[in-house]
Amino acid sequence: MQNSINSRVALAILAGSSLAAAEPAAAATSFNSSAGLSYSIESIANLTNPGDLSGLEIVGYFRQIDAPAYPGDEYSQVQINGTGSVAANNPDLATGSAFSYTFTASGTLANGKLDAHHLAWYGLEFRNNGSDSYAISLRLDYLLSAAVGAETDSSSVTIDFFNGDGLLWQGYDRVDTAFNDLDVVLAGSSGPFSFELAAGQVDGLYADVRMDNHLEASPVPLPAAVWSFLAGVIGMLGLKKRRHEQSA
């Protein structure tokens, strides 16, 4: 009988030790980032020959930067130390006049750490191929979204917009997740951007969008109920042992 009780106590202690020593499970986590940009032309006027827009070319574009445009430039990069994946399927586009486009990136992580940096370029460009002069007014509206799955994660989406030389017009905005706010959306606008375009000139409103995301698959602690159960089992076996010793 004594040996049987000792064996049960040993087994219970061994079970508890094994659970404590086992590598803790990891809680999977994820991120979702997006930047929706919408260009709109508010007015165009030919200052030389009113009503004639034949010499004006308008080109809108989006491009995800997956390699340095120039040596040493930044570009989209992903680093995963563990098990996870990242997707950012944003095909190039080229369109005339006003346009809207949403740049998206998302990722999941089962264990380890994940860092993702994505960069995209937008632009609505006006090219004066004639000899007339034009007065142009346009605006850029945007909706930035950053979301992560846990407090140990972080996500930020930034936009900076500017005209061709970066001097006449520029602006900046940013949205970040925080400790108590893991899903954040920010709407904004460049406001009206007005300029004149002389013969042979090129100008427009351009934007850079950056997304930075960091994920950590945090360990899942052993539930307190398990430790209470093990403590109870060991206590009951110890009580039985003492009663057996007293009866003996």
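The values are calculated or read from the model by the stated rules, or taken from the named source; none is laboratory data. Bear in mind that the values here come from a model prediction, so they are computed numbers and not experimental data. Glycine also receives a Cβ, built like all others from the backbone with ideal geometry; neighbour counts cover every protein chain displayed. When the accessible area is computed, the model is the full protein with side chains, heavy atoms only, and any ligands, DNA or RNA have been set aside. Shrake-Rupley method; radii C 1.70, N 1.55, O 1.52, S 1.80 Å.
GLY84 passes all but one of (1) more than 30 Å from ASP181 (Cβ to Cβ); (2) open to solvent by 30 Å² or more (accessible area, probe 1.4 Å); which number fails?
(1)
Just to check your reading of the model, which residue among ASP160, ASP212 is closer than 21 Å to ALA120 by Cβ, of a type outside the set (Lys, Arg) and open to solvent by 50 Å² or more (accessible area, probe 1.4 Å)?
ASP212
Check whether at least one residue in the stretch 106-129 is in a loop (DSSP other than H, G, I, E, B) and at pLDDT 95 or above, and report yes or no.
Within the stretch 106-129, one or more residues are in a loop (DSSP other than H, G, I, E, B) and at pLDDT 95 or above.
Would you pick out the residues in the stretch 102-117 that are open to solvent by less than 10 Å² (accessible area, probe 1.4 Å) and within 18 Å of TYR206 (Cα to Cα)?
Across the stretch 102-117, the qualifying residue is only PHE103.
Of the conditions (1) in contact with a Lys or Arg (Cβ under 9 Å, 6 or more places away or on another chain); (2) outside any strand (DSSP E or B); (3) open to solvent by 40 Å² or more (accessible area, probe 1.4 Å), LEU186 fails just one. Which one is it?
Unmet for LEU186, out of (1) in contact with a Lys or Arg (Cβ under 9 Å, 6 or more places away or on another chain); (2) outside any strand (DSSP E or B); (3) open to solvent by 40 Å² or more (accessible area, probe 1.4 Å): (2).
Residues in the stretch 63-79 that are assigned to a strand (DSSP E or B) and closer than 16 Å to ALA207 by Cα: how many?
2
Any residue at all in the stretch 170-183 that is of a type in the set (D, E, K, R), open to solvent by 20 Å² or more (accessible area, probe 1.4 Å), out of contact with any His (no Cβ under 9 Å at 6 or more places or on another chain) and part of a loop (DSSP other than H, G, I, E, B)?
no
Within the bounds of the stretch 141-156, is there any residue that is open to solvent by less than 20 Å² (accessible area, probe 1.4 Å), among the acidic types (Asp, Glu), assigned to a loop (DSSP other than H, G, I, E, B) and farther than 21 Å from LEU205 by Cβ?
Yes, the conditions are met somewhere in the stretch 141-156.
Give me the residue from the stretch 42-68 that is under 22 Å from the mean Cα position of the chain (by Cα), of a type outside the set (D, E, K, R) and surrounded by fewer than 14 Cβ atoms within 10 Å (Cβ to Cβ) and, out of that set, nearest to GLY112 (Cα to Cα).
ALA67
If you take the residues of the stretch 44-60 that are part of a strand (DSSP E or B) and not charged (D, E, K, R), which of them is farthest from ASP132 (Cα to Cα)?
GLY60
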